[in-house]
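Trainee: Before I ask anything, here is the structure I am working with.
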Amino acid sequence: MGCYSMGTRWLYAKLAWEGGLEYVEIQNLTEFYDDNRAQLAGLLTNYAPNLLDTRGRLLPRSYDVLGLYTTFIVQKPDPDITPPMATPILQDASYNLDELLQVC
């Protein structure tokens with residue numbers, strides 16, 4: 001997760017919330033690449049081949065530059081997820097559950 005203070009994480013989470021997004025994580029770009037190498041190696045090989053060795057790992061010299069960048073990962077909230085209800089739904093005696101479940 002890098003050496004980001006709680007204040008930095010809080011600031012990014014607040015910015016995401018103000019933009020209607022959910023904060024997921026903050027990570028140094030080199031750590032992010034190492035964690036997601038399988039998905040990103042082909043892309044980086046095409047656009048910046050001098051940053052990788054033949055096995056798709058970052059070269060030591062690339063850490064100097066890429067270590068300056070940070071990934072800030074956010075996502076849209078899922079509108080289908082409803083928050084838990086504060087009170088339970090009570091059974092209403094005005095209908096018969098067996099009648100509702102009958103198949104015609």
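Trainee: Go through segment 33-71 and give me each residue that's closer than 19 Å to L11 by Cβ, surrounded by 14 or more Cβ atoms within 10 Å (Cβ to Cβ) and of a type in the set (A, V, I, L, M, F, W, C).
Mentor: None - no residue of segment 33-71 is closer than 19 Å to L11 by Cβ, surrounded by 14 or more Cβ atoms within 10 Å (Cβ to Cβ) and of a type in the set (A, V, I, L, M, F, W, C), so the list stays empty.
Trainee: If you don't mind, another one. Six or more apart or on different chains, Cβ atoms under 8 Å: show the pairs whose first residue is in segment 71-91 and farther than 18 Å from Y23 by Cα and at pLDDT 55 or above and whose second is surrounded by 10 or more Cβ atoms within 10 Å (Cβ to Cβ) and among the aromatic types (F, W, Y).
Mentor: That search, which allows pairs on different chains as well, returns nothing.
Trainee: List the pairs whose first member sits in segment 34-53 and is without any contact (Cβ under 8 Å) to a residue 40 or more places away in the chain, whose second member is surrounded by 12 or more Cβ atoms within 10 Å (Cβ to Cβ) and aromatic (F, W, Y), and whose Cβ atoms are under 8 Å apart, counting only residues at least 6 apart or on separate chains?
Mentor: Note: pairs meeting the criteria are L40/Y33; L44/Y33.
Trainee: When the residues of segment 20-52 are filtered to those that are modelled with pLDDT of 85 or more and hydroxyl-bearing (S, T, Y), which remaining residue is farthest from T70 (Cα to Cα)?
Mentor: Y23
The values are calculated or read from the model by the stated rules, or taken from the named source; none is laboratory data. Here the structure is a predicted model, which is why all the values come from computation and not from measurement. Note that each Cβ is placed from the backbone with ideal geometry, even for glycine, and that neighbours are counted across all protein chains shown.
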